[in-house]
Amino acid sequence: MRYNGESESAGQFWRTRQPDRRLARWVNFYLAYRRTAGVSGIRTVAALNSIVMIIDLEPAIQRSLVGSPLSVVSPVTGLTGGPIAYERLGREQGIIVELTPLGARALFAMPLRELGTARVGMVDLLGASARRLTEQLWEARGWDHRFRILDHWLADRLLDGPALAKALAGSWQSLTVARGNVRIDDLAAQAGVSRQHLATSFHREIGLPPKTVARVARCHWAIRLITGRNPPSLPAVAALCGYTDQAHLNRDFRLLVGCTPTGLLRSGDAHIDLFLGSEIALRPRQRTGTPLESGRPLSSTDVVARQRESLP
């Protein structure tokens, strides 16, 4: 699968591209963006099932709320078990690089649990080479050139970088591809270790406990269903995704997204950023037609269009 999508509306520009095929195990996608906020506004990034590195080429005047992992220039954020709030004002431009746990371990050479809630920038982790990369990207001749620069820069560092234990990488992939519908005991048996050993090492090296990764993957699948073409009813979504009932679905959405499914559909991209690339890059068994499957965030225009399509 290879996608290269672009959209521009209401002062926002998005362009997605998959990395060089050599990087497929390490990098999910690149997302270039440019947007302007005339007034200060608080946005929310829903729970992440992958590692996100934002390369700021033109930071907004105010990037985030105090104490947020996004409150530094060019932040790196690990897997998160809840939403992250941030504030923005003015024009911002940059590239989001979504890494798999395998890619993040190779690039940063550290257990990923340290990234989950830390306020850390790309320069803090990678030093002068990160500064030079930002300069190269700023001076590049357009987005295609920037994507090629990223391909070469990441290939130099990832292909021979420190490896994540194969059993842990496989467990993360199994949980994500199966949308959380995998027993932790079965994962431990496949890895040849005890359940406790798997849970402890997974949390340290991946950044979240297996159960939380499963919960996020299940929520991402529900998001894809409700924002896709011909979305099922919310009770049907709850049943399809393995929730006990719609109340259970609502609770998980509040915990992981910061609002209910109804609230997400009402707000569109006005207040929430959604990135589901980790699930998409691993070739899901079933596609829903949601714009999220191209790697880019959901926009309010997309939501309105989907709702109109579902009308009789």
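Structure above, values below:
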quantity: Verdict on Arg204 being of a type in the set (D, E, K, R) and open to solvent by 50 Å² or more (accessible area, probe 1.4 Å); calculated: yes
quantity: Search result, residues across segment 121-130 that are part of a helix (DSSP H, G or I) and open to solvent by less than 90 Å² (accessible area, probe 1.4 Å); calculated: Met122, Val123, Leu125, Leu126, Ala128, Ser129, Ala130
quantity: Any hit, segment 226-234, residues being at pLDDT below 95, touching a Ser or Thr at 6+ places or on another chain (Cβ under 6 Å) and within 18 Å of Asn49 (Cα to Cα); calculated: no
quantity: Some residue of segment 227-235 being in contact with a helix residue (DSSP H, G or I) (Cβ under 7 Å, 6 or more places away or on another chain), hydroxyl-bearing (Ser, Thr, Tyr) and open to solvent by 30 Å² or more (accessible area, probe 1.4 Å); calculated: no
quantity: Residues of segment 255-295 classified as part of a loop (DSSP other than H, G, I, E, B) and at pLDDT below 75, total; calculated: 9
quantity: Qualifying residue in segment 141-162 (condition: assigned to a loop (DSSP other than H, G, I, E, B) and touching a Ser or Thr at 6+ places or on another chain (Cβ under 7 Å)); calculated: no
quantity: Members of segment 131-152 found to be over 21 Å from the mean Cα position of the chain (by Cα) and open to solvent by less than 20 Å² (accessible area, probe 1.4 Å), listed by number; calculated: Leu133, Leu137, Ala140
quantity: Of all residues making up segment 86-138, the number that are of a type in the set (D, E, K, R) and closer than 25 Å to Ala47 by Cβ; calculated: 9
quantity: Meets criteria (buried (at least 17 other Cβ atoms within 10 Å of the Cβ) and at positive phi) for Arg179; calculated: yes
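The values are calculated or read from the model by the stated rules, or taken from the named source; none is laboratory data. Note that this is a predicted model, so its numbers are computed, not measured. Counting neighbours? That spans all protein chains shown, and the Cβs are built from the backbone with ideal geometry, glycine included. Accessible surface areas use protein heavy atoms only, side chains included; no ligands, DNA or RNA. Shrake-Rupley method; radii C 1.70, N 1.55, O 1.52, S 1.80 Å.
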